[in-house]
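Structure first, commentary second.
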There are 2 protein chains.
Amino acid sequence: MFSVPTRTQYGIRALVHLAMSEARSSTSAEIAKAQSISPKYLEGILGQLKNSGLVLSERGAHGGYRLAREPEAIRMLEVVEALEGEVKPVGCLEDSVHCDFDVGCLPRRFWSGLKETIDEYFASKTLKDVIET
Amino acid sequence: MFSVPTRTQYGIRALVHLAMSEARSSTSAEIAKAQSISPKYLEGILGQLKNSGLVLSERGAHGGYRLAREPEAIRMLEVVEALEGEVKPVGCLEDSVHCDFDVGCLPRRFWSGLKETIDEYFASKTLKDVIET
DNA sequence: GTTATTCCTATCGGAATGCTAGGAATATAG
DNA sequence: CTATATTCCTAGCATTCCGATAGGAATAAC
Ligand code: FES
Ligand code: FES
């Protein structure tokens, strides 16, 4: 249960790779090979990270990707939200949407607490924490 | 992200229903109607909860389901594991399985910490906590 | 033996996931 | 200016998973 999509796992591995080779920029193909990730698939993932402002890119020969900020300034919550959207255990956590449970929705608070717990974990970790064993 | 399958949501709603009507036993159809859950689908879910020893059942006329223990003795971790299996964010958390990341696997600890965080949340809540607002 | 119920197994449509393909845009090198 | 290296964009596809449904067998009460 709660399995993390490969998209997110790969995205994080890619960021780890970039963090380890800071300064110089790495190409998508290089990262894919080093991390055993399907090259074309990774291209799309890096695109997402770029659109979210987590990495910078340069096109053309000698192009590639590098981190937009230092690892300690990249919160993992940002990363997972960039890759898979907000953590939302159950759909009914949106405002004003309520299930039709007649006696009022008891599980709601339970799920809401779960979301907070997960969000806090992700928010408390930075990319630097991830690469430092 | 991290959306909880309806299977688990329904299972918990069913347990809540049973907890609210303790002592007397409720039929699957009755719970399904009260909770707006597909009746046949719920049958299977209750079967799982029964096989995990969380609810007791009686067959035949006047049969039905009831909690196997009091709500305060039912940890939510047991419930979610009964319904969806162990919380396992990434497959590589199993012992001795290691990804082929060449410089050693840095994200591993990150995922492991996530699993612990989620498990602790579920383990800290009982069914009684869920029904008490 | 009739009725109410749990229990078992099989199946199915639709959505999501993980991945692949092809090529356009863009930058560098020579 | 051309060849090359790279990001970027869009479409499509195979497989798996999810949520749900169907039919009926077993069992217990009355
Ligand atoms: S509002 Fe989510 S189960 Fe009720
Ligand atoms: S052991 Fe899981 S990503 Fe490496």
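At-a-glance table
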{"item": "Residue in the stretch A:1-38 that is nearest to A:Glu132 (Cα to Cα), counting only those that are of a type in the set (D, E, K, R) and outside any helix (DSSP H, G or I)", "result": "A:Glu22"}
{"item": "Any hit, the stretch B:91-111, residues being more than 12 Å from every other protein chain (Cβ to nearest Cβ), part of a helix (DSSP H, G or I) and under 30 Å from A:Glu81 (Cα atoms)", "result": "no"}
{"item": "Any hit, the stretch A:84-102, residues being on the phi > 0 side of the Ramachandran plot and modelled with pLDDT of 65 or more", "result": "yes"}
{"item": "Every residue from the stretch B:11-50 that is in contact (Cβ under 8 Å) with a residue 12 or more places away in the chain and either near DNA strand C (Cβ under 7 Å from one of its atoms) or over 18 Å from the mean Cα position of the chain (by Cα) (or both)", "result": "B:Glu22, B:Ala23, B:Arg24, B:Ser25, B:Ser26, B:Thr27, B:Ser28, B:Glu30, B:Ala34, B:Glu43, B:Leu46, B:Lys50"}
{"item": "Where B:Thr8 falls short, out of the listed (1) polar (S, T, N, Q); (2) surrounded by fewer than 16 Cβ atoms within 10 Å (Cβ to Cβ); (3) in contact (Cβ under 8 Å) with a residue 12 or more places away in the chain; (4) under 30 Å from A:Tyr10 (Cα atoms)", "result": "(2)"}
{"item": "Only listed residue being within 14 Å of another protein chain (Cβ to nearest Cβ), of a type in the set (Val, Ile, Thr), more than 16 Å from ligand 1 (Cβ to nearest atom) and surrounded by 21 or more Cβ atoms within 10 Å (Cβ to Cβ), chosen from A:Val55, A:Val16", "result": "A:Val16"}
{"item": "Residue list for the stretch B:70-97, restricted to those being away from DNA strand C (no atom under 13 Å from the Cβ) and surrounded by fewer than 15 Cβ atoms within 10 Å (Cβ to Cβ)", "result": "B:Glu70, B:Glu72, B:Ala73, B:Gly85, B:Glu86, B:Glu94, B:Asp95, B:Ser96, B:Val97"}
{"item": "Residue in the stretch B:84-102 that is of a type outside the set (Val, Ile, Thr) and either over 27 Å from A:Ile37 (Cα atoms) or in contact with a Gly (Cβ under 6 Å, 6 or more places away or on another chain) (or both) present", "result": "yes"}
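The values are calculated or read from the model by the stated rules, or taken from the named source; none is laboratory data. It should be emphasised that the depicted structure is a prediction, and the values quoted were computed from it without experimental measurement. Methodologically, a virtual Cβ is constructed for each residue, glycine included, from the backbone with ideal geometry; neighbour enumeration extends over all protein chains shown.
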